[in-house]
C-alpha cells in the first residue's frame with residue numbers, strides 16, 4: 001500500500017510511504033494522527049517486492065532512513 005504523508009489536516013504533501021503489512025493505525029479513526037482522519041492510501045506494489053523489503057531492512061532514525069534511496073522510476077498502471 002502507498003500512503004500520502006501528512007502531519008495534520010491541510011498538510012499533505014508530495015511525500016509518500018510504502019507500507020508493509022496491515023497498518024490499522026493509519027486508517028480513518030486510527031491512532032496515528034490526533035484528528036483520527038487517517039491517511040490517503042492508494043496503490044500497491046505489483047513487482048519488485050524484493051527491493052521494497054531490502055529498503056525496509058535499512059536502519060532508520062526518527063522515521064528517516066540513515067542511508068538515502070533514489071527512486072528512479074514509478075509507473076502508474078490504470079485499471
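The values are calculated or read from the model by the stated rules, or taken from the named source; none is laboratory data. Note that the structure is predicted; figures quoted are calculated from it, not measured. Cβ sites come from the backbone with ideal geometry, for glycine too, and all protein chains shown count toward neighbours.
The one condition from (1) part of a loop (DSSP other than H, G, I, E, B); (2) over 15 Å from residue 71 (Cα atoms); (3) modelled with pLDDT of 80 or more that residue 30 does not meet is (3). Annotation: of all residues in the stretch 33-73 being within 13 Å of the chain's Cα centre (by Cα) and part of a loop (DSSP other than H, G, I, E, B), the one that is surrounded by the fewest Cβ atoms within 10 Å (Cβ to Cβ) is 63.
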